[in-house]
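The values are calculated or read from the model by the stated rules, or taken from the named source; none is laboratory data. Please read all numbers here as calculations on a predicted model, not as lab measurements. A quick note on method: Cβ atoms are made from the backbone with ideal geometry, for glycine too, and the neighbour counts reach across all protein chains shown.
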Ligand SMILES: *Cc1c(COP(=O)(O)O)cnc(C)c1O
């Protein structure tokens, strides 16, 4: 049976081209024809479409998701002696953007169920910084694997300490809390259009979402060398961080089918959840929180068992990945920065256990059946939960 099946991809970026390939070729041809490769009309069109989709009034596209964070931190005036609270269980960019501006990322533990920033650990970190030379400025929460963090609670904590909240939604575009979509859940939100993210382009890309017009205008200037109203007026020390018109043209076509893809991700996640819930620790989501299912991540019992399990899956042509093997506070270059407590035990434990299964909107029924039946066959490897 396996021979007749297409090889299962962890994330399949080609299947989508069968559906919208022609439209994408046409969109690219159009850009080649008009030749406005930088800040061409497709960039504005995409920003309007992203604004419509998310409900955020201001959308500024930029070169990648890391720059989206950097631009936002620059617009907030973050610099030396400032502290920004970040979860330790995330991709490096979240802390990198802070450190790049010579500010101090302060590492916070995560919740073992949602994998997102833990509120007790956050309060501990805020206390710690209050008693130091650093000025606490804000919180970057991460919607890990696609699950929005607890923004209502985070905004309350932030308000008590005069901090802002940035949502790093690189993995959660399409998610929501109640009727509020990712892009509107914090004072400002960043996302990435890296090819493997829920909404990916054919290269690097990113965006910032906010309802704050003044902040948005500062970022529009910063992404374009700090330009003023005239291109050769410079009012900020900025960056060269614009989204290519070609990528914008591609993203317009991809955004058009994104709602369908998101529904399919949700269906696949619920099939996984139903089949696996009694075997392994499955990803959790609250009743009012809409997961974007950027990744489908289970937790094994420990690193040794995870290694054996992943190896067995690989033998049966089922690819898996580990996001992430090490929390940032244990990375050589980041261990010098402060953290909420000596150990951040939940993140340290999760890094030994997490395993992401194939997840993309074009996973076929037969692939899904093969993955689930294989995991069931291997369930002897797990202690009962
Ligand atoms: C991918 C990712 C980023 C960075 O996005 P790039 O576009 O690759 O720069 C930032 N934060 C998180 C959580 C990510 O997963």
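Odds and ends about this structure:
- Residues that are under 21 Å from the mean Cα position of the chain (by Cα) and farther than 26 Å from residue 51 by Cα, drawn from segment 224-271: 268, 269, 270
- Test for residue 239: is it surrounded by 17 or more Cβ atoms within 10 Å (Cβ to Cβ), more than 30 Å from residue 10 (Cα to Cα), in contact (Cβ under 8 Å) with a residue 24 or more places away in the chain and away from the ligand (no atom under 15 Å from the Cβ): no
- Considering the conditions (1) more than 11 Å from the ligand (Cβ to nearest atom); (2) under 24 Å from residue 204 (Cα atoms), residue 138 is excluded by exactly one of them, (2).
- Residue selection: residue 342 satisfies the criterion of being out of contact with any helix residue (DSSP H, G or I) (no Cβ under 7 Å at 6 or more places or on another chain) and assigned to a loop (DSSP other than H, G, I, E, B).
- Residue among 269, 275, 292 that is under 26 Å from residue 369 (Cα atoms) and in a loop (DSSP other than H, G, I, E, B): 292
- Residues of segment 345-385 that turn out to be touching a helix residue (DSSP H, G or I) at 6+ places or on another chain (Cβ under 8 Å) and free of Cβ contacts under 8 Å to residues at least 24 places away in the same chain, as a count: 1
- Segment 196-222 residues that are within 30 Å of residue 359 (Cβ to Cβ), paired with ones that are modelled with pLDDT under 95 and within 16 Å of the ligand (Cβ to nearest atom) (beta carbon under 7 Å, 6 or more apart): 196/11
- When residues in segment 176-220 are screened for being within 11 Å of the ligand (Cβ to nearest atom), surrounded by 24 or more Cβ atoms within 10 Å (Cβ to Cβ) and within 18 Å of residue 97 (Cβ to Cβ), 7 of them pass.
- Selection from segment 291-318 of residues that are out of contact with any helix residue (DSSP H, G or I) (no Cβ under 8 Å at 6 or more places or on another chain) and touching a residue at least 12 places away in the same chain (Cβ under 8 Å): 310
- Among the residues of segment 52-67, those that are touching a residue at least 24 places away in the same chain (Cβ under 8 Å) and surrounded by fewer than 23 Cβ atoms within 10 Å (Cβ to Cβ) comprise 53, 55, 57, 58, 63, 64.
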